[in-house]
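Have a look at the structure below, then the notes.
Readers should treat all values here as calculations from the given coordinates under stated rules, not as data from a laboratory. Keep in mind that what you see is a predicted model, and the values were worked out from it rather than measured. All Cβ positions, glycine included, derive from the backbone under ideal geometry; neighbour counts span all protein chains shown.
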Amino acid sequence: MYKKILFGTCLTDYCDHIFNFALNLAKENDAKLWIYYGLGRLNLDETTAENAIIEAETRVAKAYVEQMKNAGFDNYAINVSDGDVVSKLSKLARNAGVDLMVMGTSTDTPLAMGESTNTGSLGPITAETVLHAPCPVMIVPPSMIPGLARG
């Protein structure tokens, strides 16, 4: 059903669970997995910005490539950019012909153990992406994090 899946990461521990979901979805659908990390507006000179992007690409690769390799998955691409995250994420999805975007609820870990499960709205990046995305956006809820599920 899905041939191109875009996973937006913030490189936090919370994103590890969303990545696992996106990776499994990509494997099940024999889809390409695009991993996107946005740096935001850097306001740096070109050389410094390029170096920041290269450093961030290395961090993304360190966070996810070994796990994909261990899962026998090699159909992926890593994309890092500076600028408005929502615009860049939506543009990548449009230009790559992405079928589905996978995101979490926020860039912060949504709940500490023992806290109320009545969380507020989505984080600003996820909320804006839902409004501007050129394809469906799947939001992985905090209840899918091991240890937080109820019932």
key: Cα-based Rg and Dmax for the stretch 1-42, where Dmax is the largest Cα-Cα distance (Å)   = 11.3, 37
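How big is the stretch 1-78 by the Kirkwood estimate over distinct Cα pairs, in Å?
Working: mean 1/r = 0.0753 Å⁻¹.
Taking every pair of different Cα atoms in the stretch 1-78, averaging 1/r and inverting gives 13.3 Å.
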task = Obtain the nm distance between the two label points defined at Asp45 and Asp16 by a simple spin-label model: each point lies 7 Å from its Cα along the Cα-to-C-beta direction.
result = 3.9 nm
